Every structure is written in structure tokens, then in C-alpha cells.
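Here is the structure we will look at, set down as C-alpha cells.
Readers should treat all values here as calculations from the given coordinates under stated rules, not as data from a laboratory. Just so we're clear, the structure is a prediction, and the values are computed from it rather than from any experiment. Counting neighbours? That spans all protein chains shown, and the Cβs are built from the backbone with ideal geometry, glycine included.
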């Protein structure tokens, strides 16, 4: 293919991405004006921003808590103490959704909320990834519902707010029959009152679109990647499908598995100040997208939660305008380029999410 044509297409796409981001900022202002009364928003805090999770009509914090705890140095009792502290800090900051994606996460976060006596103050996302459709033993409606029941019981959960099944990253590996079984399990869980809303996670854009188009009345929300490099294609974007069917989107890997950072973001890390600043810029960047409901970064230390609030504060001051200031930030651009260069071999697929 002619390189000049490729360059022109990307140039035009850059312009469309900028325009889209500007529109996204304008829509964010409009959405904030349309929010329900603050008393109707779970764990509302005026320092936080809230966004509508698609057709669920839940208003969730613009930054939510991802279930993973990469780089967490705590073990044993100290680990559970840390998770409980982070949940508490999140609630005190207006963060009202946690995405628990496997057995240890489900049990740790359910225990933390129980200890704090605040299960009713946070939306709980639930996925038992090891015992769902990625595993051949759990690919029927009956087996999926069994594992939902089993781990809800273990975690003492009467209901989950979002059951989002973890599929293969390349979900097109699943047969149409397996997808049908999964969708019927999700539908049944809603009918039985075990899950308020349902969806799935996948990294396979064409297949995600196919599933949403085939089951538009079942799918409420999805989890898929969105990084500090992601931009919307000017035509035929995956995001158009999410808009059409009013699907909520939680963005995973906003920091590309921490490849955007120089250090480990620990309290005593020599790169902490710079990495915290880059984290805020990355969060502000992804929030320029009007389709994204919320990124779900893993938060390890209390200052990570404080940094999320600071990102929202900076966003209000600098980005909620016709053209978000973060789009022109040279420091973020350099960090994002470095992030692409430092991606581990197992995360090269994230580059497929640069143009969406």
C-alpha cells in the first residue's frame, strides 16, 4: 500500500481524534449537567466526576478501582489490611465501583467491604475468570451459573452489580454455541436477580461488535483496553457500535501494564513524583473519550487514590473545554511513546488498540 496514503489516513484520523476528544469534553460537561441529584449517586463526592454506565443508568465514578494488584508488596494479613484501606480510601474519594476479576479478588474485596460495613456503598463487578468460558469445563449455561452461585456464596454476596464474564482475549476462539451458552447464563442471572447487569470482557474488537449486534438486549457493559495511545478511527469505529447500543465501557490497561512509568510508584520510589504526574495525564487523556465510562487502574497505595482525585481536579481546570489541554501535552506524548517501546512481549497486542 502507498505510504503516503497511509500517512494521510493517519493524519486525517489524528484530526478526527482531536475533534472527537473536543466533542467528548463538551459531552462530559453536558452529561454532568444531566446527572441525577447527588443523593441518587452512590457514594457521591463533589471532588469526583461521574459518568453514566450505558443503558444500566448507573452513574459510576469516572475513575474506578481495578481488581488487579500488580506490584503489591503486601502479604498475609498485611495484604488484606491494604486492600481494606484502599477500598475505604476509594469510598472516601467518591470511587464507587470495584472490578473483581478472579477468586482472590472477589474474596479480598468482598471481605474488605464487609469489614468496613459498606457493601451497599460500592458497585461490585464480578468475574471468576478461571472458572468461566476460558476454561473448557465452564462453557455451558448450567456450569456458569453454578460457579456464580458458588463464589457469591463464598464471598457472602446476595447480588452482584455487574457479572461480566472473562472470555479469551481473542474471543473469536469461542464457538457460536459457546457464546450462546454464555449469553443465556448472563440473561438467566439477571432474571433470577443474582446480577443486576451483565456483560463480558474481550480484547477482540470485531468479535465484540458481532456479539453486541447479536445480543443487544442482553449486553449492558463490556471491559476492553483503552490506553494513553488509543485514538478513534474517523470512520467505522468500534466506538460507534457502543454508542448505537448504549453499551457501558470499562477501560483496562490505561497505563499499559505499567509500561508508561519509569519506577514502581511506591511511596519511596525516586520516580514517584514524575510517575504520579504521568498517571494523571494518562487518566485525563482517556477520559477525553465520550464513549469510555471509566478506566479501572489497579491502585496499590493510598497516594494512588489521592492521585486519581488530583487527575479529576486537573481535568476540570484544564480539559473540560473545546480542546482538552492534555491532548497537546508533550510530556505525556513522550511517555506514551516510551510506553510503546517498553511493552513486554506478552502485551504487544495492546498496539492493536492504538486506532480503534
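Regarding the stretch 195-237, what whole-number volume in Å³ per residue does the convex hull of its Cα atoms give? Could you put the intermediate results ahead of the total?
Numbers: hull volume 3.9 nm³, N = 43.
In the stretch 195-237, the Cα convex hull volume per residue is 91 Å³.
Subtracting the Cα-Cα distance from 0.36 nm times the residue separation, let me have the gained length for residue 159 to residue 354 in nm, one decimal. All intermediate terms of the calculation are to be shown ahead of the outcome.
Details: separation 195, 0.36 × 195 = 70.20 nm, distance 3.59 nm.
Length difference between fully extended and current span is 66.6 nm.
Take every Cα-Cα pair in the stretch 87-203 and report what % of them are more than 25 Å apart.
21
Starting from the coordinates of the alpha-carbon atoms of the stretch 238-356, obtain the Kirkwood hydrodynamic radius over all distinct pairs and give the value in Å to one decimal.
Answer for the stretch 238-356: a Kirkwood hydrodynamic radius of 15.2 Å.
Along its three principal axes, how long is the chain when you only count alpha carbons? Whole Å, largest extent first please.
Principal extents (largest minus smallest coordinate, Cα): 54, 47, 44 Å.
So for the chain: antiparallel DSSP bridges make up what percent, rounded to the nearest 5?
Here the antiparallel bridges make up roughly 10 percent for the chain.
Mean residue ellipticity at 222 nm from the helices of the chain, using -39,500 (n - 2.57) per DSSP H segment of n ≥ 4 over the full residue count, to the nearest 500 deg cm²/dmol?
That calculation yields -14500 deg cm²/dmol at 222 nm.
Normalised by the number of residues in the stretch 47-155, what is the relative contact order in percent for Cα pairs under 8 Å and 6+ residues apart?
23
Considering the Cα trace of the stretch 200-266, what is its radius of gyration and what is Dmax, both in angstroms?
14.0, 44
Can you tell me the relative contact order of the stretch 3-353? Whole percent, Cα pairs under 8 Å, sequence separation 6 or more.
22
Could you list 257, 265 in order of exposure, starting from the residue whose Cβ has the fewest other Cβ atoms within 10 Å?
The order, fewest Cβ neighbours first, is 257, 265.
So if each residue of separation counts as 0.36 nm, and I subtract the Cα-Cα distance between residue 210 and residue 337, what length gain in nm does that give?
On the way: separation 127, 0.36 × 127 = 45.72 nm, distance 3.16 nm.
Extra length from residue 210 to residue 337 when fully extended: 42.6 nm.
If the chain between residue 114 and residue 46 were fully stretched, how many nm would it gain, using 0.36 nm times the residue separation less the Cα-Cα distance?
Taking residue 114 through residue 46 to full extension adds about 22.0 nm, to one decimal.
Within the stretch 61-76, name every residue whose backbone N is under 18 Å away from a label modeled 7 Å from Cα of residue 92 along the Cβ vector.
Residues 65 qualify, since their backbone N sits under 18 Å from the label point.
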